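Reviewing the structure listed below.
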Amino acid sequence: VKTIKVNLAQNTYEIRIGTGLLEQVGNRLEALGFKEKVVIITNPTVDGLYGQKLKGSLESAGLEVATLIVPDGEEYKSLEEAGKLYEQLGDFQAERNTPILALGGGVIGDLAGFVAATYLRGVPLVQIPTTLLAQVDSSIGGKVAVNHGKLKNNIGTFYQPRLVVADTDTLRTLPEVEFKNGLAEVIKYGIISDKTIFDAVAEKVPEIEWYYIGVARCAAIKADIVEKDEKDLGLRNILNYGHTVGHAIEIASDYSIKHGQGVAIGMVAAAWISREMGILSQNNLVTIRKTIVGAGLPVTLPDLPLEEILQAMQHDKKKVSGHLRFILPKTIGEVVVNDKVEMGLVEKILKGMYE
Ligand SMILES: NC(=O)c1ccc[n+]([C@@H]2O[C@H](COP(=O)([O-])OP(=O)(O)OC[C@H]3O[C@@H](n4cnc5c(N)ncnc54)[C@H](O)[C@@H]3O)[C@@H](O)[C@H]2O)c1
Ligand SMILES: [Zn+2]
């Protein structure tokens with residue numbers, strides 16, 4: 001087991017990464033002082049795979065468990081589903097000290113986190129991420145949100161979990177396409193902060209090694225960034241590398257393009273913009289693109305009107321007074337934040353990114 005501490009002013013918590021951890025959640029909760037009721041929020045897919053194992057662990061620790069199921073899919077990360085969960089929490093008579101356990105990928109983590117932050121003005125949250133993306137990224141750092149119309153992720157708050165348990169055994173059942181989705185964020189960490197992670201993906205270190213080493217390395221980078229800038233006022237922005245264009249593609253495609261795929265295309269777009277602005281070398285642009293292709297991720301724009309992608313970008317929360325904010329790679333392992341990327345340049349690059 002690898003333990004990473006996230007030290008924050010209001011709340012310090014542990015991220016535990018390793019195998020066989022689902023079975024230990026009950027004991028962990030006992031150690032944190034939770035004694036009575038506990039609520040699991042998950043979806044049918046993850047519940048079918050891991051619901052019983054988690055529930056068993058909680059019940060052996062003497063906890064009374066309710067499992068609340070949300071349908072599987074990004075479209076259910078909504079206020080409507082949050083509303084249904086509030087009602088079910090009320091029916092179960094969940095109280096201020098009743099922890100909510102988010103068992104699943106980033107969708108469940110964001111939605112259950114949002115509900116935990118708002119139900120009774122906040123109940124304890126435990127993240128139990130089961131996708132690569134959630135283990136390396138979304139379960140850490142306290143950003144919780146739902147989507148609303150075109151406001152992707154924009155209805156939310158910062159709400160740190162009490163504990164994150166990343167059982168890497170769960171990654172074994174992850175569909176190939178979801179593993180690749182997570183790899184997009186892994187490549188992101190490589191480009192923004194640690195070239196050795198990037199190289200490991202480029203050299204195709206076997207998936208199995210990611211289960212133990214990669215997840216912990218990426219989680220440690222995220223924890224470090226969050227400690228320095230919990231509320232995303234500066235440094236934390238760099239985690240949005242690839243996300244300006246990525247989010248726009250997700251929205252314009254009505255979420256038929258998954259987060260990791262959008263981010264992959266967005267990372268290439270931002271690298272291209274960076275090269276045009278004389279910040280990144282041509283060589284590094286080629287290496288970035290090649291590595292993303294090698295990971296089985298897309299690097300060209302899907303068949304969507306450019307207008308719609310550009311329009312979705314206008315709604316981006318990273319927009320600063322007319323210009324767009326982009327995270328631009330300087331080299332592999334270092335990025336800069338640039339608030340002055342001109343729409344015209346973005347348009348030109350994106351036009352060249354259709355197949
Ligand atoms: N809060 C943050 O900081 C943050 C950061 C990045 C992404 N996100 C959000 O995360 C979401 C994407 O998360 P995701 O990629 O995990 O998608 P997801 O939650 O939709 O999970 C992907 C699919 O894998 C299934 N699944 C989950 N665990 C499984 C397992 N162990 N075995 C088999 N199948 C499994 C799910 O049921 C789902 O069908 C997006 O909504 C994105 O906005 C949030
Ligand atoms: Zn992301």
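The values are calculated or read from the model by the stated rules, or taken from the named source; none is laboratory data. As the structure is a computational prediction, the values presented were derived from the model and not from experiment. Every residue, glycine among them, receives a Cβ derived from its backbone with ideal geometry; neighbour counts consider all protein chains shown. Ligands, DNA and RNA are excluded from the accessible area calculation, which covers all protein heavy atoms including side chains. Shrake-Rupley method; radii C 1.70, N 1.55, O 1.52, S 1.80 Å.
Measuring max minus min along each principal axis, the C-alpha atoms of the chain give extents of 60, 39, 37 Å (largest first). Our helix-only sum for the chain, with -39,500 (n - 2.57) per DSSP H run of n ≥ 4 divided by its residues, gives a mean residue ellipticity at 222 nm of -12000 deg cm²/dmol. Within the full protein context, the accessible area of LEU151 is estimated at about 70 Å² for a probe radius of 1.4 Å. Accessible area of LYS231 (1.4 Å probe, protein heavy atoms only, ligands and nucleic acids ignored): about 100 Å². Could you state the angle between the C-alpha long axis of helix 106-118 and the longest principal axis of the C-alpha atoms of the chain, as a value from 0 to 90 degrees rounded to the nearest 10? With both axes taken from Cα atoms, the answer is about 60 degrees.
A Förster radius of 25 Å, combined with the Cβ-Cβ distance separating LYS35 from THR12, puts the computed FRET efficiency at roughly 0.70. Of all the options ARG96, ARG236, ARG121, the one that moves most in a Gaussian network model of the chain with Cα springs shorter than 10 angstrom is ARG121. Calculated accessible area for the chain comes out at 41 Å² per residue, all protein chains present (probe 1.4 Å; ligands, DNA, RNA ignored). Overall shape: rounded for segment 1-144, with the ratio a/c of the largest to smallest alpha carbon gyration tensor axis below 1.5.
Loop-located trypsin sites (Lys or Arg not before Pro) across segment 18-73 with a Cβ neighbour count of 13 or fewer within 10 Å are LYS35, with loop assigned by DSSP.
Tell me whether segment 218-355 comes out rounded, prolate or oblate; compute the Cα gyration tensor, take square roots of the eigenvalues as a ≥ b ≥ c, and use a/c under 1.5 as the rounded threshold. Since a/c stays below 1.5, the shape of segment 218-355 is classed as rounded. Pairwise Cα distances in segment 20-92 exceed 19 Å for 41 percent of all pairs. Computed from phi, the 3J(HN,Hα) profile of segment 298-314 under the Karplus parametrisation 6.51, -1.76, 1.60 (θ = phi - 60°) reads x, 10, 10, 6, x, 6, 10, x, 4, 3, 5, 5, 5, 5, 4, 5, 5 Hz, with x in place of Gly and Pro. With the simple model of a label 7 Å out from the Cα in the direction of the Cβ, SER256 to LEU306 spans 2.1 nm.
Hey, with R₀ at 22 Å, roughly what FRET efficiency would ARG121 and SER60 work out to, going by the Cβ-Cβ distance, to 0.05? Walk me through the numbers before you get to the answer.
Details: r = 31 Å, r/R0 = 1.41.
My answer for the efficiency is 0.10.
Around the Cα centre of segment 68-143, unit charges on the Cβ atoms of Lys, Arg, Asp and Glu (plus for the first two, minus for the last two) sum to a dipole of about 320 debye. The modelled label-to-label distance for the pair MET343/LYS2, using points 7 Å beyond Cα in the direction of Cβ, is 4.4 nm. Here LYS2 is the anchor, and the lysines within straight C-alpha reach of less than 25 Å, apart from those fewer than 8 places off in the same chain, are LYS53, LYS55, LYS143, LYS180, LYS188, LYS195, LYS204, LYS222, LYS228. Between LEU68 and ILE40, ILE41, THR42, the built amide H atoms are under 5 Å apart, and every one of these is 5 or more places off in sequence or on another chain. Under the simplified labelling scheme, the GLU87-LYS53 pair shows an inter-label distance of 3.3 nm, with each label point 7 Å from Cα along Cα→Cβ. How many percent of Cα pairs in segment 111-193 exceed 18 Å? Across segment 111-193, Cα pairs with separations above 18 Å total 51 percent. Across the options ASN338, ALA200, VAL245, the greatest Cα extent toward the positive end of the charge dipole of the chain (unit charges at beta carbon of Lys, Arg, Asp, Glu) belongs to ASN338.
Let's see if you can work this out: charge +1 on each Lys and Arg Cβ, -1 on each Asp and Glu Cβ, no other charges. What is the dipole magnitude of the chain about its Cα centre, in debye to the nearest 20?
900 debye
Within the accessible area of the chain, the carbon and sulfur atoms contribute 49%, probe 1.4 Å, all protein chains present.
Here's the picture: charge each Lys and Arg Cβ at +1 and each Asp and Glu Cβ at -1 in the chain, and of LEU133, ALA9, PHE34 the one pushed furthest to the positive end of that dipole is ALA9. Using only the C-alpha atoms, the convex hull of segment 65-128 corresponds to 73 Å³ per residue. If only the Cβ of Lys and Arg carry +1 and only the Cβ of Asp and Glu carry -1, the dipole of segment 166-316 around its Cα centre is close to 440 debye.
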